[in-house]
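Encoded as structure tokens, the structure appears first; notes follow it.
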Amino acid sequence: DMKVTQMPRYLIKRMGENVLLECGQDMSHETMYWYRQDPGLGLQLIYISYDVDSNSEGDIPKGYRVSRKKREHFSLILDSAKTNQTSVYFCASRDCQNTLYFGAGTRLSVL
Amino acid sequence: GDQVEQSPSALSLHEGTGSALRCNFTTTMRAVQWFQQNSRGSLINLFYLASGTKENGRLKSTFNSKESYSTLHIRDAQLEDSGTYFCAAEVIASSSFSKLVFGQGTSLSVVP
């Protein structure tokens, strides 16, 4: 069963703290994504990764960085989190037929 | 920038009826994907279309790349069809990659 796993599911942080969101997939997909979802704005692309150590900025990369050291893992890092980074974060991977598989999301609150 | 406009923003259907959701694109898109976000917040891939029409059960989607729009038809709606439906357009971002641009979603409520 194809799966994208996100950890943690819920996270509360204080402004200025560092945040690590993790994503794993067991399908050996090369391409992975990080999105955030906010009310009224749909899903916005933060970063794309095409394979290990091959990452590109999406539409809203400011305040974020990513790490992909293994094909099956793609991490999103917030150095010094801000309150406007409170959101639901989704990771996705894409198969060779361009179908996207999403994780269940991480709900991050920055206080 | 590239935009995807979805309509309607909200829709209520009685069980057993049907309707169509629409996505308009401001520029030429390579393909379109449709997703359902259910009550638990999970995003489920429904269709990927580079052209033409696909059908799966009570759902059917078309993509007209020349006129830059896509539709998702739901027939015989069931309560479990409730949720938010997103279309996402595949845009060529550079010579080496493409990206998905999402619409703002259609909130569908199916009522008895």
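The values are calculated or read from the model by the stated rules, or taken from the named source; none is laboratory data. Given the structure is predicted, the values throughout are model-derived calculations rather than measurements. As a convention, Cβ positions derive from the backbone with ideal geometry for all residues, glycine included, and neighbour counts pool all protein chains shown. Only protein heavy atoms, including side chains, enter the accessible area calculation; ligands, DNA and RNA are left aside. Shrake-Rupley method; radii C 1.70, N 1.55, O 1.52, S 1.80 Å.
Which residue out of B:L108, B:L100 is open to solvent by less than 40 Å² (accessible area, probe 1.4 Å), modelled with pLDDT of 95 or more and either in a strand (DSSP E or B) or under 26 Å from A:E57 (Cα atoms) (or both)?
From the options B:L108, B:L100, the qualifying one is B:L108.
Suppose the filter is open to solvent by less than 10 Å² (accessible area, probe 1.4 Å), under 17 Å from A:L45 (Cα atoms) and either part of a loop (DSSP other than H, G, I, E, B) or modelled with pLDDT under 95 (or both); does B:A89 pass it?
So B:A89 passes the test.
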Single unsatisfied condition, A:H73 versus (1) touching a residue at least 24 places away in the same chain (Cβ under 8 Å); (2) more than 13 Å from the chain's Cα centre (by Cα); (3) open to solvent by 80 Å² or more (accessible area, probe 1.4 Å): (2)
Residues satisfying the stated conditions in the stretch A:40-88, i.e. closer than 24 Å to B:Q3 by Cα and touching a Gly at 6+ places or on another chain (Cβ under 7 Å): A:G42, A:L45, A:I46, A:Y47, A:I48, A:Q85, A:V88
Residues located in the stretch A:23-42, provided they are at positive phi, open to solvent by 10 Å² or more (accessible area, probe 1.4 Å) and within 11 Å of another protein chain (Cβ to nearest Cβ): A:G40
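Considering each residue of the stretch B:4-51, count those that are assigned to a loop (DSSP other than H, G, I, E, B), open to solvent by 40 Å² or more (accessible area, probe 1.4 Å) and within 11 Å of chain A (Cβ to nearest Cβ), and give that number. I'd like the intermediate steps shown before the answer.
Residues of the stretch B:4-51 that are assigned to a loop (DSSP other than H, G, I, E, B), as a first pass: B:8-9, B:15-18, B:26-30, B:38-42, B:50-51.
Of the ones still in play, those that are also open to solvent by 40 Å² or more (accessible area, probe 1.4 Å) are B:8-9, B:15-18, B:26-28, B:30, B:39-40, B:50-51.
With the extra rule that they be within 11 Å of chain A (Cβ to nearest Cβ), the set shrinks to B:9, B:30, B:40, B:50.
Total satisfying the criteria: 4.
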Scan of the stretch A:76-111 for residues that are within 9 Å of chain B (Cβ to nearest Cβ), more than 13 Å from the chain's Cα centre (by Cα), of a type outside the set (V, I, T) and open to solvent by less than 40 Å² (accessible area, probe 1.4 Å), ordered by number: A:N98, A:L100
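Hey, can you tell me all the residues within the stretch B:52-69 that are loosely packed, with under 13 Cβ neighbours inside 10 Å and not acidic (D, E)?
Just the residues of the stretch B:52-69 that are loosely packed, with under 13 Cβ neighbours inside 10 Å, to begin with: B:52, B:55-57, B:66-67.
Within the stretch B:52-69, B:G52, B:N56, B:G57, B:K66 qualify.
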Any hit, the stretch A:53-68, residues being touching a residue at least 40 places away in the same chain (Cβ under 8 Å), part of a strand (DSSP E or B) and more than 11 Å from chain B (Cβ to nearest Cβ): no
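Only one residue in A:L20, A:L45 is among the hydrophobic types (A, V, I, L, M, F, W, C), open to solvent by 20 Å² or more (accessible area, probe 1.4 Å) and either on the phi > 0 side of the Ramachandran plot or in a strand (DSSP E or B) (or both), so which one is that?
Values: A:L45 fails: open to solvent by 20 Å² or more (accessible area, probe 1.4 Å).
Exactly one of A:L20, A:L45 is among the hydrophobic types (A, V, I, L, M, F, W, C), open to solvent by 20 Å² or more (accessible area, probe 1.4 Å) and either on the phi > 0 side of the Ramachandran plot or in a strand (DSSP E or B) (or both), namely A:L20.
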Checking A:R36 against (1) of a type in the set (K, R); (2) over 10 Å from the mean Cα position of the chain (by Cα); (3) in a strand (DSSP E or B), the condition it does not meet: (2)
